[in-house]
Each structure stands twice: as structure tokens, then as C-alpha cells.
1. Given the structure, is P147 over 17 Å from the mean Cα position of the chain (by Cα) and within 19 Å of I6 (Cβ to Cβ)?
2. Which residue out of A85, A97, A47, A40 is at pLDDT below 95, buried (at least 18 other Cβ atoms within 10 Å of the Cβ) and in a loop (DSSP other than H, G, I, E, B)?
3. Contact list please: Cβ distance under 8 Å, first residue in the stretch 10-29 and loosely packed, with under 13 Cβ neighbours inside 10 Å, second residue of a type in the set (F, W, Y) and modelled with pLDDT of 95 or more, pairs at least six apart or on different chains.
4. Is it true that R197 is among the charged types (D, E, K, R) and farther than 18 Å from P91 by Cβ?
5. Answer with yes or no whether A106 is of a type in the set (G, A, S), at pLDDT 95 or above and open to solvent by less than 80 Å² (accessible area, probe 1.4 Å).
6. Given V158, V142, V116, which one is within 12 Å of the chain's Cα centre (by Cα) and buried (at least 18 other Cβ atoms within 10 Å of the Cβ)?
7. Go through (1) open to solvent by less than 40 Å² (accessible area, probe 1.4 Å); (2) touching a Ser or Thr at 6+ places or on another chain (Cβ under 6 Å) one by one and return the number of the condition Q188 breaks.
Amino acid sequence: MTGMTIYSSDWFRDCAVPRLHEQVPAEAFDAALPALRSDADLNTGIAQGPTENIRPAAVLVGLLERDNELHVLLTQRSDELPTHAGQIAFPGGKVDAEDAGPVECALRETHEETGVSPEFVEPAGFLDVYQTGTGFRIVPVVGLLRPGFDLVPEPGEVTEIFDVPLAHFMEPANHLRHSRVWQGRERQYYAMPYGERYVWGATAGMLRNLHDRITGQ
């Protein structure tokens, strides 16, 4: 094909899945190993995050197809939440003791937050583990969503569920670098605005990782 890439499910299975991790990366289970991605990626001289009391977490990078084009499923967090209020995020959360692992956690949280049950998710692989400055070590589970589900935002947690074309996040020109002062220091982070949606921070960092893995960068 000549010209713009069509990011379809077939393209993703053929071209992207082979570039994902087949298994959960080891650093998800061993805090002594550094995470390959973190909030410190754009900040020289700033530590990746705490090395003790790391909290395992998982999110679903869910991809659904509309008119032969993949879109990324995202949520808008409630303004009433005590942390990360109003931010755009992947469905997910911390790994509970009852979870068999990151995949089960991501699927459970996705069902709770969006109404998409595990039967509609085809896990395809994993991105690099991402550590936040607040101590969460996140496993991004990439999954293709089969049609037929109904989206139901979790009351009190999610105000809106929406999707953005994967093509937007695959365009490097949309990978902006913004900064703000946090804990007394100016810190840079990725931002990938889409219309009025401000996708930034860890979510944008994981989307940057998705781009890099798919393109081999």
C-alpha cells in the first residue's frame, strides 16, 4: 500500500503484535530490576521513582475497530476522585491479591470501569513496564476488542468513555513535550492532545511506548 498506513486489526496482528512482549516482562515482578519506561524518561537527573514499596498495577490498552481503523479506548476519570481527578487514563488499577496476574487485573478493572467484559478482549501482548513517580509499576496489556459490548462508565470513578484513532498516536508530530512544576522541580512529560482531550503523563508515556515498539524505535 502506498501512502498513509491503515491501522486495521489485520495490520495490527501482522505488523504490531510480533513487536510486543509475548510474556509479562520480568521487571513487573522484581522491583530490583528497573522499569524500561517511567515518568522520568524526559527528565535527566530525576530518579525513576521509589525503589521500595512499589505497587504493582496493570492497565488495558484496548483497541477497537471502526470502519477498518483501530481506535484506542480511554476513560475520563471522575473529578471527585482523590488522586488523578479528571485525568484521561486507560482502564486499570492496582493488582489485587485475588488477581492471578496483570492480565486478570487489567481485564477485571476494565470490566468494572467500562462494562467491557473479558469475553470481548483478545490479549495480544505487553508493552514495557512503566513506573510512575508515585510508585506504581504498571504492566500495559494490549488487547483487541471484539464488537458486541456495551460501554457503562463506573459511577463515581469514570465520567466518560471515549476512543481516539490509533493513527493520532502513531504520528510523532502529535508527541508533544510539556512541563510543569511538581515537588519543587520542573518536570517534562509527553502530551498528545486530541481536540479538547488532553492526554498526558503516564498515559501519553505508554502510548509513546506503543508507537516506539510498533515502529521499532
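1. Numbers: over 17 Å from the mean Cα position of the chain (by Cα): yes; within 19 Å of I6 (Cβ to Cβ): yes.
So P147 passes the test.
2. Details: A85 fails: buried (at least 18 other Cβ atoms within 10 Å of the Cβ); A97 fails: buried (at least 18 other Cβ atoms within 10 Å of the Cβ); A47 fails: buried (at least 18 other Cβ atoms within 10 Å of the Cβ).
Just one listed residue meets the conditions, A40.
3. The qualifying pairs are E22/F126; Q23/F126.
4. Values: among the charged types (D, E, K, R): yes; farther than 18 Å from P91 by Cβ: no.
No, not satisfied.
5. Working: of a type in the set (G, A, S): yes; at pLDDT 95 or above: yes; open to solvent by less than 80 Å² (accessible area, probe 1.4 Å): yes.
Criteria met by A106.
6. Values: V158 fails: within 12 Å of the chain's Cα centre (by Cα); V116 fails: within 12 Å of the chain's Cα centre (by Cα).
Only one candidate qualifies: V142.
7. (1)
The values are calculated or read from the model by the stated rules, or taken from the named source; none is laboratory data. Predicted, not measured: the structure shown is a model, and the values here were computed from it. When we count neighbours, we look across all protein chains shown, and the Cβ atoms used for this are built from the backbone with ideal geometry, even at glycine. When the accessible area is computed, the model is the full protein with side chains, heavy atoms only, and any ligands, DNA or RNA have been set aside. Shrake-Rupley method; radii C 1.70, N 1.55, O 1.52, S 1.80 Å.
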